[in-house]
Amino acid sequence: MFPVGKKNVSRIVAVCFLLETFLVHVTLQKAESGVTFLGTFGNKEGTNVRMNKHRRRLTLALTLLLPLSALAFVEPPPAMESALNALSSGDPHPAEELLSTLSNRQKRAFENRLLAAQVALTHMDIETAHKELSAIKEREITDSLTYRRIADQINTAERMLGAMQSIRLLDSLQLGQTDDLLQRQRRDFGALGQTDRSSYVANGGQVRWTVLPNEEGGTTFGLVTLLGDGSWDEANIQRIEIKGLDPTGQVSSPFLMPDGRTLYFSYSGPGTLGGSDIYVSRYDAANHSLLVPQQLPLPINSFADDYGYILDEETGIASFITEQHSPAGMGKYVVYRRTQGDSATEFLDSVPVQPAERPIADLLSVQHEAATPTTSETAPLFYIATKPVRSEADLTSSSARAVLGRYLRMHDAHQKLLQRLRQLRQSSDPRSMEAEILALEEQEMVYHKELNALRNEVIKQELNL
């Protein structure tokens, strides 16, 4: 059956009910005055007979309308519900099958345009997603929570496309229960510390990062110190302020790099691409706060839950868990190394999934030469849909090329700043340069924000949005 939605059914029922009630009410009024649509009543007895007849009609009308009114409260059809559940885990196929069965007229319905926009987003087809939402906006149906959520996801996806990475998978994706996958990750990367969804402590470390509830109903991080007797000082936890994230969101899976400042973690709340996204931030020990976190780029983050990020700085090998395209309660264990060049956004679909475990100890000892790029082609600055943009020659719009010129100048300045940051962090005594590092990191955040704005403007000009 074609899904018309609760709101549309309610409107249809209300109109039918009011119309029927109005017609019966008019008829009763005429009957009481001794007048019908066929003429006047001959006597009082005839009037009473006709009055009773019209009352019976009213009762019958109400009886027939009550079952119809109940349709306003029915649940979405099973096919629609199944499609929405699959989309929440990043699987568009049930939704695509449902949309293929609809007529063009049915596809223009509010609920089905929202569904089509979500399908387009899973394929990172920003242009189609924009078109579907623009059609809804023209009809001024923008009060839906789903509409606003998808609009936010489109903005997030546009921003993240500009920083998309190319990665080389070093192991077949392992499909399994999420708890089992996290246990395997702890076993494979145990040398990097003790990790789980709610805490992290380095091997031999004196401080534990832990997840704490906050006053806004979300969660934040806290630091717990190891006492001399080997117990943790739970009575004196230092709370950490996370700048730039909605405090009603949920944080999890902290992982601190050996520099004691760089923290990777997962966050679920406003501004994510979908579910939990993986973020990175810098810890400001003097103010007990995390600088404004940044989402890791595609294809690491997805429209499903992504968490448990761990990075081996010496080998450049990283790992995380994703629930994209996975059955409920299950996920995929990803081990990869970043490379240069173009990136495939659907790598989780294209790589074989092996349910059986296989040791990856050999992967952690792979030399950096294994990551040598196989192409000398310049890495893209960002993407417009699936089209890489490396220079003004990749654009057709003159206005887009003009904005890209500003982007390139700022990008060069940004790269010089990043080079200086790397030098400071790799110095023999980075703690002595902490003030300069923090100042440069704050400046880098400003560059990042301005570059995102310029990139989005290039995309809009090129697509004529």
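Any residue at all in the stretch 111-121 that's of a type in the set (D, E, K, R) and at pLDDT 80 or above?
yes
For Phe265, only one of the following conditions fails: (1) aromatic (Phe, Trp, Tyr); (2) in a strand (DSSP E or B); (3) open to solvent by 10 Å² or more (accessible area, probe 1.4 Å). What is its number?
(3)
Here are some conditions: (1) assigned to a helix (DSSP H, G or I); (2) more than 22 Å from Pro297 (Cβ to Cβ). His130 meets all but one. Which one does it not meet?
Among (1) assigned to a helix (DSSP H, G or I); (2) more than 22 Å from Pro297 (Cβ to Cβ), the lone unmet condition for His130 is (2).
Quick test of your reading of the structure: Val207 fulfils all but one of (1) surrounded by fewer than 18 Cβ atoms within 10 Å (Cβ to Cβ); (2) at pLDDT 95 or above; (3) aliphatic (A, V, I, L, M). Name the failing condition by number.
That leaves (2) as the condition not met.
Can you tell me which of (1) open to solvent by 60 Å² or more (accessible area, probe 1.4 Å); (2) under 19 Å from Gly275 (Cβ atoms); (3) modelled with pLDDT under 80 is the one Ala151 doesn't meet?
Among (1) open to solvent by 60 Å² or more (accessible area, probe 1.4 Å); (2) under 19 Å from Gly275 (Cβ atoms); (3) modelled with pLDDT under 80, the lone unmet condition for Ala151 is (1).
In the stretch 308-337, which residue that is of a type in the set (Phe, Trp, Tyr), touching a helix residue (DSSP H, G or I) at 6+ places or on another chain (Cβ under 9 Å) and at pLDDT 85 or above is farthest from Gly249 (Cα to Cα)?
Tyr333
Take the residues in the stretch 173-185 that are free of Cβ contacts under 8 Å to residues at least 24 places away in the same chain and open to solvent by 90 Å² or more (accessible area, probe 1.4 Å); name whichever of them is farthest from Ser252 (Cα to Cα).
Gln183
Just checking, how many residues over the stretch 310-324 are within 12 Å of Phe189 (Cα to Cα) and under 17 Å from the mean Cα position of the chain (by Cα)?
1
Which residue, of Ser231, Ser253, Ser276, is among the small types (Gly, Ala, Ser) and either at pLDDT 95 or above or in contact with a Gly (Cβ under 6 Å, 6 or more places away or on another chain) (or both)?
Ser253
Scan the stretch 427-444 and tell me whether some residue there is more than 19 Å from Ser281 (Cβ to Cβ) and at pLDDT 75 or above.
No - not one qualifying residue is present in the stretch 427-444.
Looking only at the stretch 85-118, which residues are closer than 13 Å to Ala304 by Cα and touching a Ser or Thr at 6+ places or on another chain (Cβ under 9 Å)?
Leu87, Ser89, Gly90, Asp91, Pro92, Gln118
Kindly provide the set of residues from the stretch 243-262 that are in a strand (DSSP E or B) and over 14 Å from Val207 (Cβ atoms), ordered by number.
Correct list: Gln250, Val251, Ser252, Ser253, Thr262.
Quick one: what pairs do we get from the stretch 91-104, first residue surrounded by 16 or more Cβ atoms within 10 Å (Cβ to Cβ), second charged (D, E, K, R) and part of a helix (DSSP H, G or I), C-beta under 7 Å, 6+ apart or different chains?
Leu99/Lys107
Only one of Ile321, Ile310, Ile240, Ile300 is in a loop (DSSP other than H, G, I, E, B), open to solvent by less than 10 Å² (accessible area, probe 1.4 Å) and either in contact (Cβ under 8 Å) with a residue 60 or more places away in the chain or touching a strand residue (DSSP E or B) at 6+ places or on another chain (Cβ under 7 Å) (or both); which?
On inspection, the qualifying residue turns out to be Ile300.
The values are calculated or read from the model by the stated rules, or taken from the named source; none is laboratory data. Just so we're clear, the structure is a prediction, and the values are computed from it rather than from any experiment. FYI the Cβ positions are ideal-geometry reconstructions off the backbone, even for glycines, and counts take in every protein chain you see. The protein model used for the area step is the full one, side chains on, heavy atoms only, and it has no ligands, DNA or RNA in it. Shrake-Rupley method; radii C 1.70, N 1.55, O 1.52, S 1.80 Å.
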